[in-house]
Every structure is written in structure tokens, then in C-alpha cells.
Amino acid sequence: MRRRSRRTIALMVAVGALLLAACGGDGDGGDVTPEPTASGAIAISVPAEGAAVTVPFEVSGDANVFEAALVLQALDPAGTVLCERRVQATSGTGTPGTWSTTLAFTPPAADEAVTLKAFSRSARDGAEENVVTRAVTVSAELPAIVIEAPACGSTISQSTIEVSGTASVFEGSLLVELREGSGAVLASKTAQTVGAPERGAWQTSFDVTSLPAGAYEAVAYAISAKDGTVENVFAVPFSKAP
């Protein structure tokens with residue numbers, strides 16, 4: 001039998017290594033599903049880079065992260081979190097999905113550069129990972145309704161939550177709701193602005209003593225005098241501490 005050349009042997013070894021890698025290479029014979037890479041795991045599609053936005057505004061994109069859960073923040077130039085929302089994509093953990101949410105917080109006194117930051121949490125230690133950012137300019141223009149308290153993404157520990165803000169709506173009347181994180185309405189009250197029909201302050205409160213710790217929303221809106229539809233919705237997420 002003719003002796004194989006060193007070049008032929010090297011070629012055979014290389015081919016064998018490639019075949020072993022393709023089959024998993026770990027000796028257990030099982031299929032190996034690669035983890036999503038950090039690059040491209042999260043993307044922000046809307047708003048566009050450098051866009052001018054008016055509060056409240058929609059933010060949307062794609063994601064392929066663990067359990068489809070991600071966090072979206074709006075940061076001022078000093079890095080202070082103006083608003084934070086926990087977002088659920090349509091799918092994740094190896095299957096790409098889409099996500100969409102709305103950020104609502106008190107507008108700045110003057111047009112301001114704001115950084116949108118989206119990221120997921122490590123299943124191992126909760127650290128931020130797959131971070132992406134987008135620069136936008138937030139207008140100082142006030143929407144018809146603003147919730148100033150509680151602050152977006154804040155945590156409360158008291159038994160009563162005070163919900164307050166300003167509004168410029170028909171007859172100065174608006175509805176304020178306390179909702180579960182899922183969107184179910186837990187309580188609803190009517191609030192009246194001071195000094196209507198001019199823009200004025202309003203305030204109401206909810207007893208949250210019996211509510212378990214978790215995610216909630218304070219939502220304020222008006223009813224159209226023309227057709228009775230809901231308009232000028234302003235929703236702020238918050239958490240109740242254990």
C-alpha cells in the first residue's frame with residue numbers, strides 16, 4: 001500500500017475537524033442551538049436617529065432576547081432616567097420578534113437632546129446586555145394632558161398614590177385610571193383642572209393598600225366632545241414596592 005503524503009494526511013485531518021464541528025463536536029450527539037449574539041439582538045426602528053418628537057411618542061423595533069423581555073429608557077444629557085418601560089416583544093430566545101411602546105413624561109422646559117436606550121437583562125446576574133441607543137430631540141411642547149406624578153418608571157411604597165399634573169381639555173374635565181400592568185382597569189376617577197378653560201393643574205388619589213407588589217400604570221385621558229371617543233391619552237408606568 002502506497003504511503004500517504006504529509007499533505008494528504010493534513011487535508012484529511014482538516015476535513016475531519018470540519019465534520020466534527022458541524023455535528024456539534026461535544027460527543028453527546030445532540031443538536032446545538034446557538035445563542036443569539038449581542039450584535040443585532042435589539043434594534044430601535046422608530047423614531048429615526050436625530051428625529052424631533054413630542055411627548056408622548058411611540059418607540060418600536062425588533063428583538064431576539066431571552067424570554068422576549070427588554071427595557072426601554074429615555075435619558076437626559078446628564079444621564080438621568082426620564083422614563084423607563086419594561087417591554088415584551090412578540091417572541092424571543094432564538095426567535096426574532098417585534099416590540100412597540102409609548103413613552104410619556106413631563107416635557108423639558110426647552111427642546112432637549114434625549115438618548116433612547118434599549119437593553120435586555122442577563123438571565124445570569126441581571127446585568128444590562130445587548131444595549132442599543134438612539135439620539136432624538138424632545139420638544140418642549142406640552143400635550144393636552146400631562147401626568148407629573150408619579151414619575152415614569154418610579155417605585156412607590158406608600159398606601160395611597162397621588163396622581164397629579166396639568167391639562168388643557170374641554171371643560172377642564174378628564175378621567176384618571178389606575179391599571180394593572182396588563183392594562184386591566186382597577187379604579188377610575190374624574191379630575192377637574194383649576195382655572196378652566198385655561199390650562200390648569202389637577203390632582204386625584206388612589207388607595208393601593210390592598211394591591212400586591214408589581215407593575216401598574218396611571219392613565220389620564222379626555223373624552224371627545226364631538227364623538228365621545230377617548231383622546232389625549234397619557235400613561236405612566238410605576239411599580240409598587242413589596
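The values are calculated or read from the model by the stated rules, or taken from the named source; none is laboratory data. Everything numeric here is computed off the predicted structure, so don't read it as measured data. Cβ placement follows ideal geometry from the backbone for every residue including glycine, while neighbour counts extend to all protein chains displayed.
Key figures
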quantity: Strands (runs of 3 or more DSSP E) fully within segment 165-236 counting 2 or more residues that are out of contact with any Lys or Arg (no Cβ under 8 Å at 6 or more places or on another chain) and touching a residue at least 40 places away in the same chain (Cβ under 8 Å); calculated: 173-180, 200-207, 214-223
quantity: Positions within segment 137-149 being crowded, with 18+ Cβ neighbours inside 10 Å, touching an Asp or Glu at 6+ places or on another chain (Cβ under 8 Å) and under 24 Å from Val71 (Cβ atoms), in sequence order; calculated: Val138
quantity: Verdict on Ala78 being modelled with pLDDT of 50 or more, among the aliphatic types (A, V, I, L, M) and out of contact with any strand residue (DSSP E or B) (no Cβ under 8 Å at 6 or more places or on another chain); calculated: yes
quantity: Single residue of Val185, Val131, Val176 found to be of a type in the set (Val, Ile, Thr) and surrounded by 15 or more Cβ atoms within 10 Å (Cβ to Cβ); calculated: Val176
quantity: Matching residues, segment 209-242, being under 13 Å from Thr102 (Cβ atoms) and of a type in the set (Ser, Thr, Tyr); calculated: Tyr221
quantity: Residue count for segment 126-156, restricted to those that are more than 20 Å from the chain's Cα centre (by Cα) and at pLDDT below 95; calculated: 0
quantity: Unique match (being at pLDDT below 95 and of a type outside the set (Phe, Trp, Tyr)) among Ser173, Ser182; calculated: Ser182
quantity: Any chance Ser91 is over 29 Å from Lys189 (Cβ atoms), in contact with a strand residue (DSSP E or B) (Cβ under 9 Å, 6 or more places away or on another chain) and part of a loop (DSSP other than H, G, I, E, B); calculated: yes
quantity: Flag if Ser120 is farther than 19 Å from Val53 by Cα and assigned to a strand (DSSP E or B); calculated: yes
